[in-house]
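Here the structure is laid out as structure tokens; the discussion comes afterwards.
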Amino acid sequence: MKKLYNFFDLGLSNEILEVIKQKGFEKPSPIQALTIPLLLKNEKDIIGQAQTGTGKTAAFGLPIIENTEKNGITQVLVLAPTRELAIQVAEEMMSLRTNREIGILPVYGGQPIEGQLRRLKRGVEIVVGTPGRILDHLKRGTLKIDQLSYMVLDEADEMLNMGFIEDIEKILSQTNKDKRMLLFSATMPLRIIKLARNFMSEYEEIKVSPKRLTVDLTDQIYFEVNSSDKFEALCRIIDIEKEFYALIFCRTKLKAQHLGNALSDRGYDAAALHGDISQNQRERILDQFKKKRIRILAATDVAARGIDIQELTHVLNYSIPQDPDSYVHRIGRTGRAGKRGTAITFITPSEYRKLMHIQRTANAEIRKEKIPKVKQLISMKRKRIIEEISEIIEMKTFDDNLQVAYELLGDHKPDEIIAALLTHAYKDDFSPEKYAKIRDVKAPSENNSPDLKGTTRLFIALGNKDNISKRKLADMIKKETMIDSHLIQDIKVYDNFSFANVPFAEAEQIIKAFRRMGRDNKPLVVKAKPEEKKGKTNFSRSKRKRR
Ligand code: ADP
Ligand code: MG
């Protein structure tokens, strides 16, 4: 596709171009450059994926306004998930409507319906509303949507998450078939694709590949940690931070629940949020979280979707997100509204490649950090206590405790009194036993060449003599273990044996799977010995020479 850089190239009328100039838009955003010509030209439906703040409203708003007549008939219906978004979209569209005085009306719950009724009666060309209130009007017969030219589902993923699917279906059933459907969404989960298949005709998919989607105010770090040590690592991270007001993303409802429980048991103000918790209770938990009575929320992606809290200090991926989109979406929860935030991702050694994929695709900078050592933690806590006590002394907020102090001073030495008080107050905090041991992750990735990062080199007792090739070897491993062939790297086949690199976890799996398939009581696959690892380069060199 030809790259379009200028509003003039998109096929918009002079009238609209003038409005764009007045708005101060200099260049179309990528989603605008791609969507506007399609909307002006062909008749296909459109699915557009782009992050928030990329100008999606003007992307559909400009061509829609271009093609809307002032005739008192509702020709455009835009559905948005929340009242704020409905207002926002309506306002943005009003600012684009030129001096043609097309009627644009936001329609949402919580606003007296009379005003809406009056406006609708006079005739409104473009209605922007939340599904619930739109349905109300349809039931009352105060809104007709059987002559639509366009129907837009804005923030479609959010609407599905909020449980609007049935409302949307009801609304759709009252529309005329020959309208054009546009669907915009920040992410494209399967449910959205299904929705599109069910309700849209032939459609074009527009995806704006993220350039730098992640916010610069968010510091992104990752920790390499074995699965079984994740909880301990998390506790240490919480303890070393001065403030930890965070969402923790878990892969499953069960995991979120367990983590919420475990954190509460350990004494943190924590809770879990997921789909198996009743709507009522979820609202209560969210409310507590907003008031900071709960400071750590272990949640599934879906449950955390509607949460918009600007002060979060951290977002933590307890398990690595499934894809770059989801990563971007999750970490967008911190570093909001000009506030700094930290996004933390836990990876197990075998997930290193996945993280690199996310980093590349999301064009994010994710730096590696080490889990704080117990010693570090304890000295940090001591430092903090000294700060806090100094502050109390400065402010002289002693209540009646000076009396106790004089009594104690009558009988003991001051330094011993203070030490005893600290033991009394903070005993548990200073004891290293509070923290469990965290195993080192094998073969720290930075010490190895890039292709060896997080992997084990395997020795396989099959070679050219056994009629084995790289392909066959990878296929064989895949067949026996279901391990994806792209995880099997750097295969070298020699006459009597071969080598391959695989991530740690997969290595164990492969060794196990092939344990019983050896010759002469020798296992077929073992970890390569260090000298064989070194030998790798020697082998290949001598091989090259021979050629
Ligand atoms: P989205 O729906 O993708 O989250 P919006 O449509 O709400 O984004 O637009 C976000 C902001 O960017 C709005 O204030 C809008 O006026 C502005 N904007 C949109 N397109 C452009 C553009 N081409 N140049 C500059 N600003 C733009
Ligand atoms: Mg929008």
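The values are calculated or read from the model by the stated rules, or taken from the named source; none is laboratory data. Note that the coordinates shown come from a computational prediction; the quantities given were computed from them, not determined experimentally. No Cβ is skipped: glycine too gets one built from the backbone with ideal geometry, and neighbour counts run over all protein chains shown. Note: areas computed on protein heavy atoms with side chains; ligands, DNA, RNA excluded. Shrake-Rupley method; radii C 1.70, N 1.55, O 1.52, S 1.80 Å.
Short to long, the 10 Å bins of the Cα pair-distance histogram for region 48-123 hold 17, 51, 28, 4 percent of all pairs. Listed values for region 218-231 are Karplus-derived 3J(HN,Hα) couplings in whole Hz (6.51 cos²θ - 1.76 cosθ + 1.60, θ = phi - 60°), namely 9, 7, 10, 9, 9, 10, 8, 8, 5, 3, 5, 9, 4, 4, and x replaces Gly and Pro.
Quick check: from the Cα gyration tensor, does region 133-277 come out rounded (a/c under 1.5), prolate or oblate? Mind dumping the intermediate values first?
Values: a/c = 3.11, a/b = 2.17, b/c = 1.43.
Cα axes put region 133-277 in the prolate bin.
Quick one: if the Förster radius is 35 Å, what FRET efficiency do Asn14 and Thr142 give, using the C-beta to C-beta distance and rounding to 0.05? About 0.45, to the nearest 0.05. Residue by residue, region 102-118 carries 3J(HN,Hα) couplings of 5, x, 10, 10, x, 10, 8, x, x, 10, x, 6, 4, x, 5, 4, 4 Hz when phi is fed to the Karplus relation 6.51 cos²θ - 1.76 cosθ + 1.60 (θ = phi - 60°); x denotes Gly or Pro. Applying the Karplus relation 6.51 cos²θ - 1.76 cosθ + 1.60 with θ = phi - 60° to region 233-248 yields 3J(HN,Hα) values of 4, 4, 4, 5, 5, 4, 5, 7, 7, 5, 10, 9, 10, 9, 9, 10 Hz, where x marks Gly and Pro.
Element breakdown for the chain at a 1.4 angstrom probe: carbon and sulfur atoms account for 50% of the accessible area. Taking amide H positions as modeled 1.01 Å from N, with prolines and chain starts lacking one, the residues under 5 Å from Val225 and 5 or more places away or on another chain are Ile347, Thr348. Derived from the Cα gyration tensor, the three semi-axes of the equivalent ellipsoid of region 1-138 are 27, 16, 13 Å, largest first.
Dividing the alpha-carbon Rg of region 74-216 by 2.2 N^0.38 Å yields what?
Numbers: Rg = 15.3 Å, N = 143, 2.2 N^0.38 = 14.5 Å.
Rg over 2.2 N^0.38 Å, computed on Cα atoms: 1.06.
Taking a ≥ b ≥ c as the square roots of the eigenvalues of the Cα gyration tensor of region 286-396, is the shape rounded (a/c under 1.5), prolate (a/b larger than b/c) or oblate? Verdict is oblate for region 286-396. Shape of region 339-380 from the C-alpha gyration tensor: oblate (a/c of 1.5 or more and a/b not above b/c, with a ≥ b ≥ c the square roots of its eigenvalues).
Most simply put, the chain has about 20% antiparallel DSSP beta bridges, counting only bridges with both residues inside it.
Each principal axis of region 371-513 carries a Cα extent, and these read 89, 25, 23 Å when sorted largest first.
Given the -39500 (n - 2.57) contribution per DSSP H run of 4+ residues, what per-residue ellipticity at 222 nm results for the chain, rounded to the nearest 500 deg cm²/dmol? If you can, show how the numbers build up before the last one.
Working: 21 runs with 237 residues, N = 547.
It lands at -13000 deg cm²/dmol.
Close amide H pairs (under 5 Å, H built 1.01 Å from N) link Leu316 with Leu247, Ile248, Phe249, Ile344, residues at least 5 positions away or on another chain.
Size estimate for region 223-311 follows the Kirkwood approach: the inverse of mean 1/r over distinct Cα pairs works out to 13.3 Å.
Suppose R0 equals 30 Å; then what is the FRET efficiency for Asn496 and Arg439 from their Cβ-Cβ distance, rounded to the nearest 0.05?
On the way: r = 35 Å, r/R0 = 1.18.
It comes to 0.25.
Between 0 and 90 degrees, the angle of helix 14-23 with respect to the longest Cα principal axis of the chain falls at about 50 degrees. With Cα atoms as the point set, the radius of gyration and Dmax of the chain evaluate to 30.4, 93 Å. Tell me, what is the FRET efficiency for Glu69 and Asn198 to the nearest 0.05, using R0 = 30 angstrom and their Cβ-Cβ distance as r? So, using R0 = 30 Å, E works out to roughly 0.50.
Translational diffusion coefficient of region 119-167 at 37 °C, 0.692 mPa s, Stokes-Einstein with Kirkwood Rh over Cα pairs, in µm²/s as a whole number.
Stokes-Einstein gives a translational diffusion coefficient of 274 µm²/s.
Per residue, the chain exposes 54 Å² of solvent-accessible protein surface, assessed with a 1.4 angstrom probe and all protein chains in place. Proximity of backbone amide H atoms, modeled 1.01 Å from N, is registered between Thr456 and Val502, Phe504 at under 5 Å, excluding neighbours fewer than 5 places apart on the same chain.
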